[in-house]
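Reviewing the structure listed below.
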Amino acid sequence: MNFDQLLHSFKTAPLEIRRYVPDKFAKKAMIEAIPYLGEVLIDTEQETIVRIECAEALGKLGDKKGNTYLIKSMNDESEELRRTIVWAMGKISDPNLYSSVQRMIEDQSELVIKWAIKALSQLPGDIDQSLKYLYDMFDSYSDTNIRVETIRLVIKHAKNADERWFQLAYKLIVENKDDNLIISSFQLLSTTVGVGFMKNKIEFMKNYFEKISQNPAIRYSYFKLMALLDQQSFIKQVYSSNDTEHISKALFNEIAYLEGLLQQVDDENIVHILNAIAMNDQIDQLNFDLQQYLEHSNLSIKIAALRIHSTMNGPFDVIKNAYTIGKGKGSIIPLLGKYEKGLDILMKEAINGDKTCRVAAIRALITKLPDKKIREILEIVQKTERIWHLRRETRIALQN
């Protein structure tokens, strides 16, 4: 359906049809629908479900023209509508919305507060006031998800956080009550400021290993922080095959150690080790035969080996041939972006590839900005891409 047909349905169709039209406007990137969506959003006589769909569509369209309508409705009595409005504000990512989102962290609804905190993390602005308010309110939140989102926000602004936040993160790890809080606390303490705070708590960290959860994310976060605290010897001492993935990522720059592990592990852990080695930006040489893994029958091992090959600036044809074969293209496409010869393929995939390939190609191209030719392709993507969040990523990248 074209715009006029959709607009007619939006104005005249029964509720069970009309409620789905805003999403169609968004999926088709119909910016011209914004005034119509906005007028319905601010009209309190309209059905709440339709107003919610309008707010969500404005967020997906991601255009500043929707700001005024969202701001006008941000105090609506519907909790779900306020939640959707603050979500949409975050997706639009306009700095002019920062003060509005900041006010919404003081909402009476914890649901709205959680999404306001998420939105703050997507907007540039003066975070100091928000961090102070959130610290004072932290213990009053009954929803653990709000606490987790708060710490994630602090992670993004760790340089602005005072020492109380790092003391709080340490306390949450000591209490050892909620996995998601522990993970986010480890992540905060793994920032530059956090590592400095933890320098005199290494003995606690060593002892903590005895009671550490089996949750993979906690184990990785733990080993990563220990590596940042220069405790590589301790990590190697407690190594077990079950922790190969986590320890490999934590010790990614200790290539000789990882090369030794390759001879001791099964195929699944070979993948983890090769991927960890590939995390190094510059690899001068390897003390093992990479070719055996490039030719491996296990596709995951082969792709991991291709990552190392591309990091070492190996011959382009090896990557291109793997791409041409067509297996694991979504993982191989980003590797093409490491070669000047691969950019033409990326640009074609960004427009004409299937969903997986478009996602990989667009994100790889974004890393190549501000190249003029790539900017032209991404401007097309911004207008025509069917996946709304990819349009949003592209728009933000082009603005920056």
Exercise. Do you know which residues across the stretch 364-400 are among the basic types (Lys, Arg) and either more than 17 Å from Ser93 (Cβ to Cβ) or not in a helix (DSSP H, G or I) (or both)?
Worked result: Lys368, Lys372, Lys373, Arg375, Lys383, Arg386
For this session: Inspect the stretch 212-220 for any residue being surrounded by 15 or more Cβ atoms within 10 Å (Cβ to Cβ) and charged (D, E, K, R) and give the result as yes or no.
Result: yes
For this session: Please identify the pairs in which a residue from the stretch 216-230 that is without any contact (Cβ under 8 Å) to a residue 60 or more places away in the chain and at negative phi has its Cβ atom under 6 Å from the Cβ atom of a residue that is of a type outside the set (A, V, I, L, M) and not in a helix (DSSP H, G or I), counting only partners at least 6 apart or on another chain.
Result: Lys224/Ser190; Leu225/Ser190; Leu228/Ser190
For this session: Filter the stretch 267-293 for residues that are within 30 Å of the chain's Cα centre (by Cα) and in a loop (DSSP other than H, G, I, E, B) and give the result.
Result: Met279, Asn280, Asp281, Gln282, Ile283
Problem set entry | Failed item in (1) at pLDDT below 95; (2) among the charged types (D, E, K, R); (3) part of a helix (DSSP H, G or I), with Lys65 passing the rest | (1)
Seminar exercise, completed: Residue set Ser140, Ser130; condition small (Gly, Ala, Ser), free of Cβ contacts under 8 Å to residues at least 40 places away in the same chain and crowded, with 19+ Cβ neighbours inside 10 Å; output residue Ser130
For this session: Check Ile303, Ile319, Ile333 and return the single one that is buried (at least 18 other Cβ atoms within 10 Å of the Cβ), touching a helix residue (DSSP H, G or I) at 6+ places or on another chain (Cβ under 8 Å) and over 24 Å from Leu378 (Cβ atoms).
Result: Ile303
Problem set entry | Lone unmet requirement of (1) over 25 Å from the mean Cα position of the chain (by Cα); (2) buried (at least 17 other Cβ atoms within 10 Å of the Cβ); (3) of a type outside the set (A, V, I, L, M); (4) closer than 30 Å to Ile377 by Cα for His296 | (4)
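Do you know which of the residues in the stretch 10-29 that are out of contact with any Leu (no Cβ under 9 Å at 6 or more places or on another chain) and part of a loop (DSSP other than H, G, I, E, B) is surrounded by the fewest Cβ atoms within 10 Å (Cβ to Cβ)?
Filtering first and then ranking leaves Pro14.
Regarding Ser109, is this residue polar (S, T, N, Q) and either touching a residue at least 60 places away in the same chain (Cβ under 8 Å) or out of contact with any helix residue (DSSP H, G or I) (no Cβ under 8 Å at 6 or more places or on another chain) (or both)?
no
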Exercise. Within the bounds of the stretch 187-197, is there any residue that is exposed (fewer than 15 other Cβ atoms within 10 Å of the Cβ) and in a helix (DSSP H, G or I)?
Worked result: yes
Seminar exercise, completed: In the stretch 30-54, residues that are aliphatic (A, V, I, L, M), part of a helix (DSSP H, G or I) and within 21 Å of Lys383 (Cβ to Cβ) total 4
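The values are calculated or read from the model by the stated rules, or taken from the named source; none is laboratory data. Being a predicted model, the structure only gives us computed values, none of them experimental. Neighbour counts are summed over all protein chains in view; Cβ atoms, including those assigned to glycine, are modelled from backbone coordinates with ideal geometry.
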